[in-house]
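*Asks:* Below is the structure I would like to discuss, written out as structure tokens.
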Amino acid sequence: MADDWLRLNRAWWDERAPVHAASGFYDVPGFLAGKDSLRTFEPGEVGDVRGKRLLHLMCHIGLDTLSWARRGAVVTGLDFSQAALDTAVSLAGRAGIGAVRFVAAEVDDANRALAGETFDIVYTGAGVSQWIPNVDSWARTVAALVAPGGFFYIAEYHPLPDCFDIVDGEVRRLRHGYLDHGPWVERAADSYTGPAQTSANTFIRWNHHIGSVVDALATAGLRVEFLHEYDFTDAPFQGLQRGEDGLWRPLGPDWGLYADDNWAGLVLHALDEVVHHGAEMALLRDLYLRRGS
């Protein structure tokens, strides 16, 4: 079944595109009213995008893509789900955003789909790395899409929490090792945005630890300029508290270490065992790599 990942995963995302567009998680009404969907740190780290050619890989329904367009970028969004792209095109029209195009293709086929075009900025947002079967092939594709002097930027969830089964916000057990790659065949009759009536409920996912991603991108010819890890996330979990900026952080200065079996406490416990204390937990990470002139 794992060999059938493309058909299964595309069906999973196709069915959930309208579900996501109607969910509070994506807050389409807020976006149409002018809300920016980007994480608060992203615009400052990417810099001024006005007039820059920006490619958003695995763009889903396009809110982040369109947020970059609002900031002045000449944007292309690419995704393998036509249903998601149809939603993105509709949202662009409803928002009055014209400087954007959407292309249907699996990410490893991006160079062919874009006819060898390169971009000043190649961008990937949160939640995509677990859907990439081969990180080395993906990295070569990314590097080929970056124009001379351009850069690739990814803001992604830290892979460590994916090692745990989290049910209703609580960690139940260790699911796999941090260095395990997968694939894993999983079933879920809903979505990360909440309960949903769905029929395409089988999907395949992978795990790529931070070192594997950095190594793959560097081997593909990109130069690492920074790698940041943060103690917050934009996804709610038990044991986290939402701040005024809309981001979720662990409770208290000690982050509730060992307090109950909540996600923050258990993951910190696991980290302490590995690094012998003194570690900060990273819930989000971003990575910026540049191609030489």
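The values are calculated or read from the model by the stated rules, or taken from the named source; none is laboratory data. What you are looking at is a predicted structure, and each value in this text was computed from that prediction instead of being measured. Cβ placement follows ideal geometry from the backbone for every residue including glycine, while neighbour counts extend to all protein chains displayed.
*Asks:* Could you check the stretch 213-243 and list, in sequence order, the residues that are more than 19 Å from the chain's Cα centre (by Cα) and within 23 Å of Thr193 (Cβ to Cβ)?
*Replies:* Gln238, Gly239, Leu240, Gln241, Arg242, Gly243
*Asks:* Any idea which residue in the stretch 218-237 is modelled with the lowest pLDDT, counting only those that are of a type in the set (A, V, I, L, M) and within 29 Å of Phe25 (Cβ to Cβ)? I'd like the intermediate steps shown before the answer.
*Replies:* Filtering the stretch 218-237 for residues of a type in the set (A, V, I, L, M) gives 218, 220, 222, 224, 227, 235.
With within 29 Å of Phe25 (Cβ to Cβ) added as a condition, the list becomes 227, 235.
Numbers: Leu227: 88, Ala235: 73.
Restricting to residues being of a type in the set (A, V, I, L, M) and within 29 Å of Phe25 (Cβ to Cβ), the top hit is Ala235.
*Asks:* Could you count how many residues in the stretch 26-40 are surrounded by fewer than 19 Cβ atoms within 10 Å (Cβ to Cβ) and either more than 21 Å from Glu156 (Cα to Cα) or aromatic (Phe, Trp, Tyr) (or both)?
*Replies:* 5
*Asks:* Provide a single number: the residues in the stretch 29-55 that are among the hydrophobic types (A, V, I, L, M, F, W, C) and under 18 Å from the mean Cα position of the chain (by Cα).
*Replies:* Number satisfying all stated conditions: 5.
*Asks:* Out of everything in the stretch 204-219 that is surrounded by 21 or more Cβ atoms within 10 Å (Cβ to Cβ) and among the hydrophobic types (A, V, I, L, M, F, W, C), what residue ends up being farthest from Glu45 (Cα to Cα)?
*Replies:* Restricting to residues being surrounded by 21 or more Cβ atoms within 10 Å (Cβ to Cβ) and among the hydrophobic types (A, V, I, L, M, F, W, C), the top hit is Ile204.
*Asks:* Here is a further query. Given the criteria surrounded by fewer than 18 Cβ atoms within 10 Å (Cβ to Cβ) and in contact with a strand residue (DSSP E or B) (Cβ under 9 Å, 6 or more places away or on another chain), does His176 qualify? Steps first, answer last, please.
*Replies:* On the way: surrounded by fewer than 18 Cβ atoms within 10 Å (Cβ to Cβ): yes; in contact with a strand residue (DSSP E or B) (Cβ under 9 Å, 6 or more places away or on another chain): yes.
Judged against the criteria, His176 is a match.
*Asks:* Sticking with this one: I'm trying to understand the selection: among the residues of the stretch 27-77, which are within 21 Å of Ser191 (Cβ to Cβ) and of a type in the set (Val, Ile, Thr)?
*Replies:* Matches in the stretch 27-77: Val28, Ile61, Thr65.
*Asks:* If you don't mind, there's one more thing I want to ask. Going residue by residue through the stretch 265-281, is there one that turns out to be modelled with pLDDT of 80 or more, farther than 24 Å from His20 by Cα and more than 20 Å from the chain's Cα centre (by Cα)?
*Replies:* Among the residues of the stretch 265-281, not one is modelled with pLDDT of 80 or more, farther than 24 Å from His20 by Cα and more than 20 Å from the chain's Cα centre (by Cα), which makes the answer no.
*Asks:* For residues that are outside any loop (DSSP other than H, G, I, E, B), farther than 15 Å from Gly77 by Cα and hydrophobic (A, V, I, L, M, F, W, C), scanning just the stretch 123-142, find the one that is nearest to the chain's Cα centre (by Cα).
*Replies:* Trp131
*Asks:* For Val89, indicate whether it is touching a helix residue (DSSP H, G or I) at 6+ places or on another chain (Cβ under 6 Å) and over 22 Å from Arg187 (Cα atoms).
*Replies:* Against the criterion (touching a helix residue (DSSP H, G or I) at 6+ places or on another chain (Cβ under 6 Å) and over 22 Å from Arg187 (Cα atoms)), Val89 does not qualify.
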